[in-house]
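We did not get these values from a lab; they are worked out from the coordinates using the rules stated. If you're wondering where the values come from, they're calculated on a predicted model, not measured in any experiment. Note that we place each Cβ from the backbone using ideal geometry, even for glycine, and neighbour counts take in every protein chain shown.
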Amino acid sequence: MAMAQSGATDSQDRSRTSTRGDPARSEPADEKPATGAKDDDDDRTPGATNDFAGLKFGVGISFTLANGDRDRVSDASIVNGIVRVNDEDNGRARIMLESHYFFTPGNPPEQETWGVGPFIALQPGTKDIIESVGIGVMVGFRRGTGDESFNLGIGAVVDPNTRVLGDGIVADLPLPPGETNVRYKEEMKTGILIISSFSF
């Protein structure tokens, strides 16, 4: 019996040695799972927040509709002596950065399924220049128990540098006497803003 036990022990020892020596069967204790810390970071919602001039904003999808007497004109040309507008820009869909604050009906914010409050939105340009800015009222509806929600806001937008036809040049009319080309200028325009975002 003692010899049988010794033989069994030797067989087990050889089996362990063989397993350790076979790279295909080895199981390193320090091997990390496929989902490491980097993958955990990658699981974060892309574009949930963006920095602008040191401030944090969420991303919103917006539509702006210009108002006023003068159309936003991207391109115009002269056809048989008449000014013809080739491309208007009175309605514009764009990505904007927005920040909002929701007032809740009575419960703590983390327990509420909806809220309403003011928002501010902006479209950044290069070198921290603001291309447009909007303000209004937003209502949000939370999805589940997390921070995800569907928010819809309406307000006003200001575009400081909007391209329009130059003074004296009117669409569908001849150019002023002595002029041969279409002139443009930039002016401040206001409009209606509709925006949607997705964080409570």
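Karplus-based coupling profile of region 141-154, in residue order and whole Hz: 10, 6, 9, x, 9, x, 8, 6, 7, 10, 10, 9, x, 9, with θ = phi - 60° in 6.51 cos²θ - 1.76 cosθ + 1.60 and x standing for Gly or Pro.
The amide H of Arg72, built 1.01 Å from its N in the peptide plane, has Asp89, Asn90 as neighbours under 5 Å, considering only residues 5 or more places off or on other chains. Computed from label points 7 Å out along Cα-Cβ, the spacing between Ala93 and Trp114 is 2.7 nm.
For the pair Asn67 and Thr145 in one chain, pulling the backbone fully straight at 0.36 nm per residue adds 24.1 nm over the alpha carbon distance. May I ask you to list the residues of region 172-200 whose amide nitrogen lies under 20 Å from a point 7 Å from Cα along the Cα→beta-carbon direction of Ser77? Residues passing the 20 Å test: 172-176, 179-185.
On the basis of the beta-carbon distance and an R0 of 41 Å, Asp167 and Ser196 show a calculated FRET efficiency of 0.65.
Model label sites at Glu187 and Leu152, defined 7 Å from Cα along the beta-carbon direction, differ in position by 3.4 nm. Computed over the alpha-carbon pairs of region 55-95, the distance histogram in 5 Å steps reads 6, 18, 17, 18, 13, 12, 7, 4, 2, 2, 0 percent, short to long.
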